[in-house]
Amino acid sequence: MKALLVNYEYCTGCHSCEVACRNELGLAAGEFGIKITEVGPYKYTEDLGLENNWEWVYVPVLTKACNLCEDRSKLGKLPSCVQACQAWCLYYGEAEDLVKKFDGKTRWSLFSK
Amino acid sequence: MADFNEYMDTVNREAYHDGEWQWQEGDLTVTRTTHWSPPGCHMGCGVLLYTKDNTLVKVEGDPLNSVASGKLCMRCLDMPEAVNSPDRLKYPLKRDGERGENKWRRISWDEALDEIEIKVKDIKKNFGSPSIVVVHGTGRNIGWQVPYFASAAMETPNVSTFGFTGFACYLPRMIGTSAKFGDMVLADASQCHPDRYANKDWAVPGCIVIWGNEPIKSNADGFLGHWLVQCVQQGSKIISIDPRLTWWGARSAYWLPVRPGTDAVVGMALLNVIIAEDLYDHDFVEKWTYGFEALAERVADKTPEWASQYCDCDPDDLRGAARLMATSSSCAIQWGLAFEQQLAALGVTECAADLMAITGNIDNPGGNIFIRCAFLIEKRYGLGDDLIDPEVYNLKLISKTSGINESNIVSCADTDAILSAIETGEPYPIKMFWIQSSNALACPGMDAPRVYAALNSVDFVVVADPFMTPTAVAVADIVLPVAMSCERNSVRTWWTPVRSMVKVTSYYEAHSDEQIVMDVGKRLCPENWPFATDEEFATWYLLDQRSPGGTLFDKDFRQLVEQGGTEYWDWDETYYKYEKGLLRPDGQPGFNTPTGRIELWSFGYDRWGVDPLPYHLEPPESPLSTPETFKDFPLVLSGGGRSFEFFHSEHRQLPTMREFHPWPLVMINPVDAEKYGIRDQTWVWLENSRGARCKQLATITEQTKAGIVHAEHGWWFPEQEAASPNFFGTFDSNLNNLTQAFYVGQGGIGSPIKSMLCKVYPVQDGDKLPHEVVAEQGNYAQWEPGQRYPDIEEPLVTYIK
């Protein structure tokens with residue numbers, strides 16, 4: 001099964017995936033095939049014993065408009081969001097291959113339908 | 001972790017037409033090229049332009065171009081919206097009413113050129129060519145074209161940005177490192193290697209210091225910030241020196257939230273720790289530097305505890321950061337605009353340069369590489385200024401008090417000297433402004449109302465821009481429509497690789513920057529403009545530029561275009577050039593400085609009349625320098641931080657960018673919001689001690705520390721009334737109502753733009769708007785021509801060394 005993997009530890013919230021996707025799908029203003037959500041910034045009141053006690057993270061979310069760029073894939077091209085992703089944190093492929101990237105250290109999420 | 005090799009190995013090269021520069025996909029033509037501007041930024045990423053019937057339909061990043069590997073920012077992805085914007089200027093316009101009425105008459109290019117030719121020749125004859133000032137905006141693709149135009153057509157030495165006091169953008173870091181290192185320096189994110197992160201000589205930086213900039217948003221100085229995100233994924237530790245919490249600070253080993261304007265204090269403390277704890281690179285210091293003992297003596301008492309009283313950083317964090325810098329496998333410093341937007345610009349630069357040097361992070365993999373523009377195509381700013389009669393060139397408007405100006409290390413004129421000449425008529429009056437892609441009122445013009453008054457008093461003003469800007473409406477007599485990046489044949493080297501942009505569409509009568517300066521140049525000084533086409537002009541830049549021997553490049557414009565638009569230079573990707581005799585004209589090992597060494601005690605600085613060792617200058621108004629003023633204006637006001645959506649004052653007319661970022665935002669910490677009664681997403685005034693104010697939308701956030709607010713720059717509202725007095729609302733939210741001219745640091749360099757004091761309070765219905773104040777009384781306070789505002793309070797703390 002095809003899926004999109006996000007190593008959201010490194011997402012910078014730059015909006016490139018959102019705009020590239022909208023270009024591909026031709027969506028109207030305010031509509032998205034992928035949209036970034038944001039948590040933080042805040043500092044944990046308890047010391048979590050981490051190098052950095054700040055939380056500030058972005059996670060892209062796929063909407064029902066996303067078709068994993070079926071047409072682009074047929075042409076051998078990367079999904080538009082993966083190609084544009086400035087943070088190099090998006091991956092596309094078979095779900096069972098993608099999960100092998102989980103490294104036990106950074107935060108990941110796998111999206112499919 | 002992103003695997004660069006895996007990414008490149010799995011990209012389907014056939015699908016992206018490897019080896020081709022232009023092809024068809026269905027009914028679309030695809031062109032492999034690069035983009036610079038307009039609309040702009042400082043980068044030149046590889047793009048695939050999709051066009052149909054003379055229209056730009058879509059832009060994608062080019063995965064096979066090594067500059068950005070197919071990654072692309074939202075502004076470039078949205079380029080069709082800019083290129084096809086209904087707001088674009090289509091034809092040359094002549095003012096058909098009073099200035100500011102926004103009444104225009106369409107004229108032909110011939111009419112425009114006729115009028116410009118007559119006016120310029122008349123001004124040259126009656127007042128001398130230096131009475132013409134040529135202005136260009138930062139980062140636009142006109143850095144060699146417009147200076148050449150100033151010299152080879154206008155015959156004036158007065159080319160500059162305008163309204164931007166203290167050369168407060170990158171130039172201080174460039175001249176500072178030129179003096180101390182003999183070369184310029186960049187953090188090494190593998191960008192000089194065509195095979196990038198896979199290059200066998202490159203090493204991931206052990207530690208990256210992000211200092212005074214948010215590179216993923218600003219991409220300044222030819223450096224793409226996201227390159228460093230890739231480094232972090234490969235293991236680089238982060239030190240963030242920034243009053244704001246950024247993406248970097250939230251992921252850092254150490255975040256040093258410096259009080260704005262005191263970065264040199266941080267730098268001196270870091271030097272102190274590294275020397276006091278004997279963590280410096282003895283071998284490098286002994287072999288390759290000069291003046292270490294003097295440096296050690298200067299910082300011997302600059303302990304972290306001493307520093308914390310000025311910079312508000314935790315002493316333990318300062319100590320930890322210094323140790324990490326000195327003990328990492330390598331340490332790259334990505335520095336930014338905050339360096340020079342404070343008074344001690346050259347002092348901060350010295351600190352950073354000395355930190356690179358004493359830790360041995362000089363021209364090393366993953367450290368700080370020495371860089372020259374590819375193939376030595378661009379040798380220096382000020383192309384063609386030797387064409388100007390030396391007696392005329394000596395009339396260049398420079399500050400009399402600046403040693404740097406006397407040394408003529410800076411090719412551009414001094415903006416304060418220009419402002420003074422306009423206001424006083426001394427040493428000669430200014431009769432004409434040629435403004436190409438600069439929006440002085442909305443963006444660089446410090447004390448925007450004063451800049452408006454000055455420009456409006458100049459007899460003849462030409463503005464060339466893709467859009468009708470506040471500056472054009474307010475002061476232009478003729479407005480020329482400028483073509484966008486996909487509509488021009490052009491070349492650039494801002495470092496490496498050399499890059500071409502190729503014309504694939506056209507837009508009504510918009511002409512490229514190259515075409516405009518060539519057409520005017522041929523009218524005024526035809527002997528300097530022997531180019532039949534823009535392609536010939538570009539080829540001349542690549543190969544010739546009048547110099548015996550030309551450049552080190554060997555391909556013409558068309559060849560560069562047809563190989564996809566980029567070529568890397570092996571000199572830039574060579575490490576340890578100082579060991580290999582690659583830096584000095586005599587071919588000997590060492591550095592291109594008077595001593596042949598890195599000068600920790602700098603002869604260049606000393607000659608300029610600048611402290612040759614690290615120093616700090618306290619902002620003219622600050623909690624320490626003006627405690628009385630601080631009681632009434634209890635917040636430190638920083639500003640100018642970038643956002644993903646905009647490049648300076650550009651992109652405000654694009655619906656997509658305004659969807660993501662509708663209004664100017666001022667960051668306020670929740671503690672201050674509570675204290676001053678500010679609610680999130682409400683309009684607030686920022687006001688300073690001379691009563692100047694602007695309004696922005698409050699965003700309550702932990703991104704700024706309590707006691708510090710951060711406002712945005714460059715705002716205007718293309719959807720609002722253009723005509724006087726509103727001028728697209730450009731005064732109302734303008735942070736530059738609060739800045740000031742004529743306040744500079746040592747050597748005439750640096751300006752306290754990012755370190756002011758203010759108070760914050762809610763906007764009320766019926767409050768008088770800044771544009772109404774400007775219309776009624778000109779400005780918030782009175783000034784003497786050519787002088788800065790008198791101090792409200794004599795500063796207590798000034799020079800710390």
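Please give the strands (runs of 3 or more DSSP E) falling wholly within the stretch B:178-284 in which 2 or more residues are within 14 Å of another protein chain (Cβ to nearest Cβ) and of a type outside the set (F, W, Y). Talk me through it step by step, then tell me what you get.
On the way: elements: B:184-187, B:207-211, B:237-241, B:254-256.
Passing ranges, in order: B:207-211, B:237-241.
Can you name every residue in the stretch B:604-661 that is β-branched (V, I, T) and either assigned to a loop (DSSP other than H, G, I, E, B) or in the same structural domain as B:A345 (by TED's automatic domain parsing) (or both)?
B:V610, B:T626
Of all the helices (runs of 4 or more DSSP H) wholly in the stretch A:1-88, which have at least 2 residues that are more than 21 Å from B:Q233 (Cα to Cα)?
A:16-25, A:70-74
So which residues in the stretch B:612-668 are away from chain A (no Cβ under 14 Å) and among the polar types (S, T, N, Q), if there are any at all?
B:S622, B:S625, B:T626, B:T629, B:S638, B:S649, B:Q653 - these are the residues of the stretch B:612-668 that are away from chain A (no Cβ under 14 Å) and among the polar types (S, T, N, Q).
If we keep just the residues of the stretch A:37-66 that are farther than 18 Å from B:R251 by Cβ and without any contact (Cβ under 8 Å) to a residue 24 or more places away in the chain, which is most open to solvent (accessible area, probe 1.4 Å)?
For the stretch A:37-66, the residue satisfying everything is A:K64.
State whether the residues of the stretch B:144-154 include one that is away from chain A (no Cβ under 14 Å), under 28 Å from B:N368 (Cβ atoms) and not in a helix (DSSP H, G or I).
Scanning the stretch B:144-154 turns up at least one residue that is away from chain A (no Cβ under 14 Å), under 28 Å from B:N368 (Cβ atoms) and not in a helix (DSSP H, G or I).
If you take just the strands (runs of 3 or more DSSP E) that sit entirely in the stretch B:1-65, which of them hold at least 2 residues that are under 22 Å from B:S512 (Cα atoms)?
B:28-34, B:46-52, B:55-61
Would you confirm whether or not the stretch B:522-534 contains a residue that is within 27 Å of the chain's Cα centre (by Cα) and open to solvent by less than 10 Å² (accessible area, probe 1.4 Å)?
No, the stretch B:522-534 contains no residue that is within 27 Å of the chain's Cα centre (by Cα) and open to solvent by less than 10 Å² (accessible area, probe 1.4 Å).
Any chance the stretch B:736-758 includes a residue that's farther than 23 Å from B:V610 by Cα, surrounded by fewer than 20 Cβ atoms within 10 Å (Cβ to Cβ) and not assigned by TED's automatic domain parsing to the domain that holds B:G609?
No - not one qualifying residue is present in the stretch B:736-758.
Given the options B:D18, B:D62, name the one that is within 13 Å of another protein chain (Cβ to nearest Cβ), open to solvent by 30 Å² or more (accessible area, probe 1.4 Å) and closer than 30 Å to B:C231 by Cα.
The conditions single out B:D18.
Would you check if A:K35 is more than 10 Å from chain B (Cβ to nearest Cβ), under 11 Å from the mean Cα position of the chain (by Cα) and more than 19 Å from B:V229 (Cβ to Cβ)?
For A:K35, the condition - more than 10 Å from chain B (Cβ to nearest Cβ), under 11 Å from the mean Cα position of the chain (by Cα) and more than 19 Å from B:V229 (Cβ to Cβ) - is met.
Give the residue that is most open to solvent (accessible area, probe 1.4 Å), with candidates limited to residues of the stretch A:8-26 that are at the interface with chain B (Cβ under 7 Å from one of its Cβ atoms) and under 20 Å from A:C69 (Cα atoms).
Top of the filtered list is A:N23.
Output yes when any residue across the stretch B:426-437 is touching an Asp or Glu at 6+ places or on another chain (Cβ under 6 Å) and over 23 Å from B:V482 (Cα atoms), and no when none is.
Within the stretch B:426-437, one or more residues are touching an Asp or Glu at 6+ places or on another chain (Cβ under 6 Å) and over 23 Å from B:V482 (Cα atoms).
Condition first: at pLDDT below 95 and either of a type in the set (D, E) or open to solvent by 30 Å² or more (accessible area, probe 1.4 Å) (or both). Can you find one or more residues in the stretch B:609-631 that meet it?
yes
Please specify each residue of the stretch B:729-786 satisfying the condition of being free of Cβ contacts under 8 Å to residues at least 60 places away in the same chain and in contact with a His (Cβ under 9 Å, 6 or more places away or on another chain).
Listed by number, the residues that qualify are B:G729, B:D732.
The values are calculated or read from the model by the stated rules, or taken from the named source; none is laboratory data. Here the structure is a predicted model, which means the values were calculated and not measured. Reconstructed Cβ throughout: ideal geometry from the backbone, glycine too, with neighbour counts over all protein chains shown. When the accessible area is computed, the model is the full protein with side chains, heavy atoms only, and any ligands, DNA or RNA have been set aside. Shrake-Rupley method; radii C 1.70, N 1.55, O 1.52, S 1.80 Å.
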